[in-house]
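S.K.: Please see the structure below; I have some questions.
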Amino acid sequence: MTAIVVGAGIGGLAATLSLRRAGCDVTLVERAPRFTEVGAGIQLAPDATRVLRRLGLLDAVAAQATRPSHLSFRTWSDGAEICRYTLGRAAEEAFGAPYLQLHRADLHQALAAEVPPRSVRLDTVVVGIDQDDECAHVTTASGERLGADLVVAADGVRSAARQWLFGADEAVFSHTAAYRALLPADEVADLNLPDYAVWLGPHRHVVHYRVRRGELLNVVAVFRAEAAEESWTARAEPGEQLRAFDGWDPRVLSVLERAGQVFRYGLYTRAPLARWTIGRVTLLGDSAHAMVPFQAQGAAQAMLDADVLGDALTGAAPAEVPDALDRYARRRIATATSVQAGSARAGEEFHLPDGPEARARNARMAAYAAEHGFGPQATAWAAEHGSGSQTTK
Ligand SMILES: Cc1cc2nc3c(=O)[nH]c(=O)nc-3n(C[C@H](O)[C@H](O)[C@H](O)COP(=O)(O)OP(=O)(O)OC[C@H]3O[C@@H](n4cnc5c(N)ncnc54)[C@H](O)[C@@H]3O)c2cc1C
């Protein structure tokens, strides 16, 4: 079985490894001249770290990561704790895999290191995908045509493949933007910050957690915005983010003040699709289900796609590829779509203005944490997939 994967982000790399594990000969095509992952921190919930374990990469990734003991939700103005959700060893025992926080580049490198260089075509832009009964093809900007039994389009939130397959829907601006920065953790040691906290305020929130074995503090401030470009490398004006957080808990302001380089990122989504697959071609990752990051699940869902795709192709003959891709999409669409909706809802809940609705939200969260210990997303996921040492299957 041969496969072409378009896009070497976290989704495309995980798909390449999962397909290789299923016995496919994979060519990974990426437009960038070298493997890169910009941005800062990423959180991997147990659904994603179970996939890393299946790929044989959990130990290597965990060695670069931090494992928070809990997530603390706080109020914006005085920092009072609304509730805390258990993570750490208790979550690992309950869900059969750890909750990890790490630098995106560390995750990307761990995945990329497992792809043999002869399987990779860098600096190669895909400009078209077509297929017949026997074969799927990609056409590159230099006019080359590559063929395989299947093509996986993991080309991100701005996916062109999605438009070629399903028509002209565009990435949609979520009217939220994220300021992000990385600080040496010892520069903020005097603030006694919780290791992992979400500070909820009117129309905005701040998240921080530690990466690189705790040496760096990753800070993300999210707020409503009229417009913002989708770029990991656009710098924010100095002080721009501070004005937006006037009156916040002094610890949050101190962190934002000490952040040297701040980057601004507009958050875009794609509408849910009823189908991801046509014949021998399928979408995977953000191209299929880009979502706002308020449940930290975009990359996790891409990795779950990759895992299920590999299983669907295991033992399939080339003639069975369309059926196998259908099985993959049927197993993934409902969950990914519900996580997309849940992430959008989390944003609305996080950004309530001060008043009765925000107080009711706080009371709900505190009651939930007191009863379950874990957050609602983790509890729902365990109910769907089973907990303990079972696999994701
Ligand atoms: C601020 C923020 C915080 C986040 N935090 C988390 C988190 O904590 N946990 C989590 O699970 N998720 C998180 N996410 C979501 C996560 O980053 C994405 O869901 C994930 O990176 C998507 O991976 P992907 O491989 O699908 O797409 P991408 O990473 O966008 O990769 C697409 C690749 O395709 C290549 N490409 C595109 N077009 C072509 C073409 N025509 N030819 C060849 N190559 C092409 C691109 O160069 C790129 O390398 C966050 C997102 C944001 C914005």
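The values are calculated or read from the model by the stated rules, or taken from the named source; none is laboratory data. Predicted, not measured: the structure shown is a model, and the values here were computed from it. All Cβ positions, even for glycine, are placed from backbone atoms using ideal geometry, and neighbour counts span all protein chains on display. Keep in mind that these areas ignore ligands, DNA and RNA; they rest on the heavy atoms of the full protein, side chains included. Shrake-Rupley method; radii C 1.70, N 1.55, O 1.52, S 1.80 Å.
S.K.: Checking the condition closer than 20 Å to GLY7 by Cα and open to solvent by 10 Å² or more (accessible area, probe 1.4 Å), which residue from ALA299, ALA334, ALA344 passes?
M.R.: On the way: ALA334 fails: closer than 20 Å to GLY7 by Cα; ALA344 fails: closer than 20 Å to GLY7 by Cα.
One residue alone meets the criteria, ALA299.
S.K.: From the list ARG31, ARG53, pick out the single residue that is within 12 Å of the ligand (Cβ to nearest atom), more than 22 Å from ALA316 (Cβ to Cβ), open to solvent by 10 Å² or more (accessible area, probe 1.4 Å) and at pLDDT 95 or above.
M.R.: Selected residue: ARG31, the only one of ARG31, ARG53 that is within 12 Å of the ligand (Cβ to nearest atom), more than 22 Å from ALA316 (Cβ to Cβ), open to solvent by 10 Å² or more (accessible area, probe 1.4 Å) and at pLDDT 95 or above.
S.K.: In segment 178-199, is there at least one residue being over 29 Å from ALA65 (Cβ atoms) and either at pLDDT 95 or above or out of contact with any Ser or Thr (no Cβ under 9 Å at 6 or more places or on another chain) (or both)?
M.R.: Of the residues in segment 178-199, the ones over 29 Å from ALA65 (Cβ atoms) are none.
No, segment 178-199 has no match at all.
S.K.: Next question. Tally the residues that are within 11 Å of the ligand (Cβ to nearest atom), open to solvent by 10 Å² or more (accessible area, probe 1.4 Å) and in a strand (DSSP E or B), restricting the search to segment 1-17.
M.R.: Residues in segment 1-17 being within 11 Å of the ligand (Cβ to nearest atom), open to solvent by 10 Å² or more (accessible area, probe 1.4 Å) and in a strand (DSSP E or B): 1 in total.
S.K.: Within segment 288-303, can you find the residues that are more than 6 Å from the ligand (Cβ to nearest atom) and closer than 30 Å to ASP132 by Cβ? Walk me through how you get there before you give the answer.
M.R.: First, the residues of segment 288-303 that are more than 6 Å from the ligand (Cβ to nearest atom): 288-292, 294-295, 301, 303.
ALA288, HIS289, ALA290, listed by residue number.
S.K.: With over 25 Å from SER287 (Cα atoms) and touching a residue at least 40 places away in the same chain (Cβ under 8 Å) as the only criterion, which of THR66, THR49 stands out?
M.R.: Values: THR49 fails: over 25 Å from SER287 (Cα atoms).
It is THR66.
S.K.: Does at least one position in segment 31-38 carry a residue that is touching a Phe, Trp or Tyr at 6+ places or on another chain (Cβ under 8 Å) and either in a loop (DSSP other than H, G, I, E, B) or more than 27 Å from GLU93 (Cβ to Cβ) (or both)? Working first, answer last.
M.R.: First pass over segment 31-38, keeping only residues touching a Phe, Trp or Tyr at 6+ places or on another chain (Cβ under 8 Å): 38.
Among the residues that remain, those that are also either in a loop (DSSP other than H, G, I, E, B) or more than 27 Å from GLU93 (Cβ to Cβ) (or both) are: 38.
For segment 31-38, residues touching a Phe, Trp or Tyr at 6+ places or on another chain (Cβ under 8 Å) and either in a loop (DSSP other than H, G, I, E, B) or more than 27 Å from GLU93 (Cβ to Cβ) (or both): present.
A quick yes/no check of all residues on (1) of a type in the set (A, V, I, L, M, F, W, C); (2) open to solvent by less than 20 Å² (accessible area, probe 1.4 Å); (3) more than 19 Å from the chain's Cα centre (by Cα):
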{"residue": "GLN261", "(1), (2), (3)": "no, no, yes"}
{"residue": "LEU267", "(1), (2), (3)": "yes, yes, no"}
{"residue": "ARG270", "(1), (2), (3)": "no, yes, no"}
{"residue": "HIS289", "(1), (2), (3)": "no, yes, no"}
{"residue": "MET303", "(1), (2), (3)": "yes, yes, no"}
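S.K.: Is it true that some residue in segment 110-127 is in contact with a Pro (Cβ under 7 Å, 6 or more places away or on another chain), on the phi < 0 side of the Ramachandran plot and crowded, with 18+ Cβ neighbours inside 10 Å? Give the steps one after another, and end with the answer.
M.R.: Step one: filter segment 110-127 for residues in contact with a Pro (Cβ under 7 Å, 6 or more places away or on another chain), giving 122-123.
Of the ones still in play, those that are also on the phi < 0 side of the Ramachandran plot are 122.
Going one step further and asking which of them are crowded, with 18+ Cβ neighbours inside 10 Å, we end up with none.
The answer is no; no qualifying residue exists.
S.K.: Only one of these is closer than 22 Å to ARG74 by Cα and either in contact with a Leu (Cβ under 6 Å, 6 or more places away or on another chain) or assigned to a helix (DSSP H, G or I) (or both): ALA189, ALA161, ALA177. Name it.
M.R.: Numbers: ALA161 fails: closer than 22 Å to ARG74 by Cα; ALA177 fails: either in contact with a Leu (Cβ under 6 Å, 6 or more places away or on another chain) or assigned to a helix (DSSP H, G or I) (or both).
Result of the check over ALA189, ALA161, ALA177: ALA189.
S.K.: Restricting attention to segment 248-265, does a residue exist that is near the ligand (Cβ under 10 Å from one of its atoms), touching a strand residue (DSSP E or B) at 6+ places or on another chain (Cβ under 8 Å) and in a loop (DSSP other than H, G, I, E, B)? Please lay out each step first, then the result.
M.R.: Looking only at segment 248-265, we keep the residues that are near the ligand (Cβ under 10 Å from one of its atoms), and these are 263, 265.
Of the ones still in play, those that are also touching a strand residue (DSSP E or B) at 6+ places or on another chain (Cβ under 8 Å) are 263, 265.
If we keep only those that are in a loop (DSSP other than H, G, I, E, B) too, we end up with none.
Within segment 248-265 (the criterion being near the ligand (Cβ under 10 Å from one of its atoms), touching a strand residue (DSSP E or B) at 6+ places or on another chain (Cβ under 8 Å) and in a loop (DSSP other than H, G, I, E, B)), the answer is no, since none of the residues qualifies.
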